[in-house]
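Here the structure comes first, spelled out in structure tokens, and everything after it is commentary.
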Amino acid sequence: MKTLIVSILGRLMVPNIQFIKEKRTKDADFLFISDPELEEEDLRQCIKSTFGIDKNELSPIVVDEYDARALEDELKKRKFEQYDKILVNVSEGTIVTANVTVDFFKDYIADIYYIPDTISYMVRIFPKRRQGKVDIKNKINMTEYVTSHGLEMRGGRLSGISMDYIQKMLVLYLAYDNERWWTLSRLRPYRGKKRCYRIDKFPQLDVFLREIEFPLVDQNREYINREEIGFLTGDWFEEYVYHIIKDEFNLSGDNIKTGITLSKDGVINEFDVVFFYNGVLYTIECKTSIKDKEKNIITNTIYKVKALQNNLGHYSDSNIFTLSSRAQGEIRPEHVERGEVFNIDVYCREDILNCQDIPKMLKIKKV
């Protein structure tokens with residue numbers, strides 16, 4: 001049985017990539033309906049690369065998105081009689097494009113679908129006798145989402161340290177004063193540098209690591225490696241947020257990562273925690289403190305978020321989690337207000353520790 005999958009392209013890519021993943025078969029052909037602006041942005045090529053469908057693509061139809069006559073003429077030039085099944089996705093594009101496409105493929109008794117932005121289900125709108133909601137069995141994952149927008153994702157490695165110890169780190173961080181943590185602050189300039197260092201290079205480090213019962217890889221406790229330095233100087237908080245988000249939303253490892261980079265056209269941005277849920281990409285910057293360099297942290301986050309939104313061509317949800325305290329004056333109203341201007345929510349120590357409903361705090365409708 002020969003199948004044709006028809007997709008109307010638009011800047012909101014999620015419905016199209018979800019439809020292709022759900023409906024593609026080994027021998028299916030693909031027809032994309034696009035417009036000149038979208039072709040310049042190379043969106044079609046990104047989708048093709050994500051799913052490896054170059055060999056099965058028919059020559060695309062590229063017309064002005066409001067020119068009904070041009071689209072109809074181009075469709076009439078094609079021969080579709082060879083296909084036993086035609087599946088059409090009209091979730092994107094203009095009303096003009098969608099109407100012409102629906103009217104044309106009705107004559108071929110095609111199955112015509114619409115997918116909402118949340119990609120929680122599909123709606124079959126034709127044939128009428130089979131109209132209604134259709135479950136999606138093969139949801140797209142975060143890698144497919146970002147690569148279909150031309151982004152490259154790298155990283156995402158966890159330390160392997162248990163959540164029990166990570167929770168202990170949180171308790172210790174909140175219990176100890178800044179002077180007690182000063183020992184670890186001496187490690188910060190060495191993040192991401194040499195593979196390992198002798199512990200006796202850092203005054204009082206051995207005593208402090210024993211006090212907090214840190215599980216060093218080196219059983220002789222003479223060396224500390226690069227990953228352990230990263231964990232102790234802040235990655236532990238990223239992993240704490242990673243685990244609570246992963247558990248709360250029941251996410252697979254394919255849909256949540258920590259410590260990743262997203263790059264496109266030579267521009268590389270690092271994100272602490274990134275997860276994909278209901279068709280939306282969420283980013284969380286995790287900072288144990290923003291009180292010393294709050295302007296840099298807020299500004300850098302805004303820069304990364306704007307770059308990500310521009311690449312996605314659609315809204316992504318961004319947040320900052322910090323253990324700085326509002327009650328102690330470490331978080332000031334201007335921090336929150338500046339973030340809100342750029343759709344970035346700032347959550348402080350009190351928000352995180354007192355939270356009883358993470359989806360509600362993050363304004364996410366859980367399904």
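Selection of first residues in region 1-16 that are over 18 Å from Val146 (Cβ atoms) and among the charged types (D, E, K, R) and of second residues that are in a loop (DSSP other than H, G, I, E, B) and open to solvent by 10 Å² or more (accessible area, probe 1.4 Å), restricted to Cβ pairs under 6 Å at least 6 apart or on distinct chains, gives the following pairs, ordered by first then second residue: Lys2/Tyr83; Lys2/Asp84. Scanning for something of a type in the set (Ser, Thr, Tyr) and within 28 Å of Thr147 (Cα to Cα), does region 69-83 turn up at least one residue? Taking every residue of region 69-83 in turn, none turns out to be of a type in the set (Ser, Thr, Tyr) and within 28 Å of Thr147 (Cα to Cα). Being touching an Asp or Glu at 6+ places or on another chain (Cβ under 9 Å) and within 25 Å of Lys139 (Cβ to Cβ) is a property that Leu43 lacks.
Yes/no per residue for (1) of a type in the set (D, E, K, R); (2) in contact (Cβ under 8 Å) with a residue 60 or more places away in the chain; (3) within 30 Å of Lys306 (Cβ to Cβ); (4) buried (at least 19 other Cβ atoms within 10 Å of the Cβ):
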| residue | (1), (2), (3), (4) |
| --- | --- |
| Arg191 | yes, no, yes, no |
| Lys194 | yes, no, no, no |
| Glu211 | yes, no, no, no |
| Asp218 | yes, no, no, no |
| Ile229 | no, no, no, yes |
| Leu232 | no, no, no, yes |
| Glu238 | yes, no, yes, yes |
| Ile245 | no, yes, yes, yes |
| Glu248 | yes, yes, yes, no |
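The set of residues in region 196-209 being open to solvent by 40 Å² or more (accessible area, probe 1.4 Å), touching a residue at least 24 places away in the same chain (Cβ under 8 Å) and in contact with a Lys or Arg (Cβ under 9 Å, 6 or more places away or on another chain) consists of Cys196 alone.
Scanning region 142-162 for residues that are surrounded by fewer than 15 Cβ atoms within 10 Å (Cβ to Cβ) and at pLDDT 90 or above gives Glu152, Arg154, Gly160, Ser162.
Within region 99-110, count every residue that is open to solvent by less than 20 Å² (accessible area, probe 1.4 Å) and either hydroxyl-bearing (Ser, Thr, Tyr) or within 31 Å of the chain's Cα centre (by Cα) (or both).
Looking only at that region, the number is 1.
Looking at region 125-140, which of its residues are over 20 Å from Lys365 (Cβ atoms) and surrounded by fewer than 16 Cβ atoms within 10 Å (Cβ to Cβ)? Of everything in region 125-140, those that are over 20 Å from Lys365 (Cβ atoms) and surrounded by fewer than 16 Cβ atoms within 10 Å (Cβ to Cβ) turn out to be Pro127, Lys128, Arg129, Arg130, Gln131, Gly132, Val134, Lys137, Asn138.
Given the options Leu75, Leu71, Leu58, name the one that is within 30 Å of Lys264 (Cα to Cα) and more than 30 Å from the chain's Cα centre (by Cα).
Unique residue meeting the criteria: Leu58.
The residue pairs whose first member lies in region 163-174 and is among the hydrophobic types (A, V, I, L, M, F, W, C), whose second member is open to solvent by less than 20 Å² (accessible area, probe 1.4 Å) and at pLDDT below 95, and whose beta carbons are closer than 6 Å, counting only pairs six or more residues apart or on different chains, are Leu172/Ile212. Looking at Thr258, Thr283, which one is under 24 Å from Tyr190 (Cβ atoms), open to solvent by less than 10 Å² (accessible area, probe 1.4 Å) and of a type in the set (S, T, N, Q)? Of the residues listed, the single one that is under 24 Å from Tyr190 (Cβ atoms), open to solvent by less than 10 Å² (accessible area, probe 1.4 Å) and of a type in the set (S, T, N, Q) is Thr258. What about Asp272, is it open to solvent by 20 Å² or more (accessible area, probe 1.4 Å), in contact (Cβ under 8 Å) with a residue 12 or more places away in the chain and acidic (Asp, Glu)? Spelling it out, it is not the case that Asp272 is open to solvent by 20 Å² or more (accessible area, probe 1.4 Å), in contact (Cβ under 8 Å) with a residue 12 or more places away in the chain and acidic (Asp, Glu).
For region 132-198, which helices (runs of 4 or more DSSP H) that fit wholly inside it have 1 or more residues that are within 22 Å of Lys21 (Cβ to Cβ) and among the hydroxyl-bearing types (Ser, Thr, Tyr)?
142-147
The values are calculated or read from the model by the stated rules, or taken from the named source; none is laboratory data. Just so you know, these numbers come straight off a predicted model, no measurement behind them. Neighbour counts are summed over all protein chains in view; Cβ atoms, including those assigned to glycine, are modelled from backbone coordinates with ideal geometry. These area figures cover heavy atoms from the full protein model, side chains too; ligands, DNA and RNA do not enter into them. Shrake-Rupley method; radii C 1.70, N 1.55, O 1.52, S 1.80 Å.
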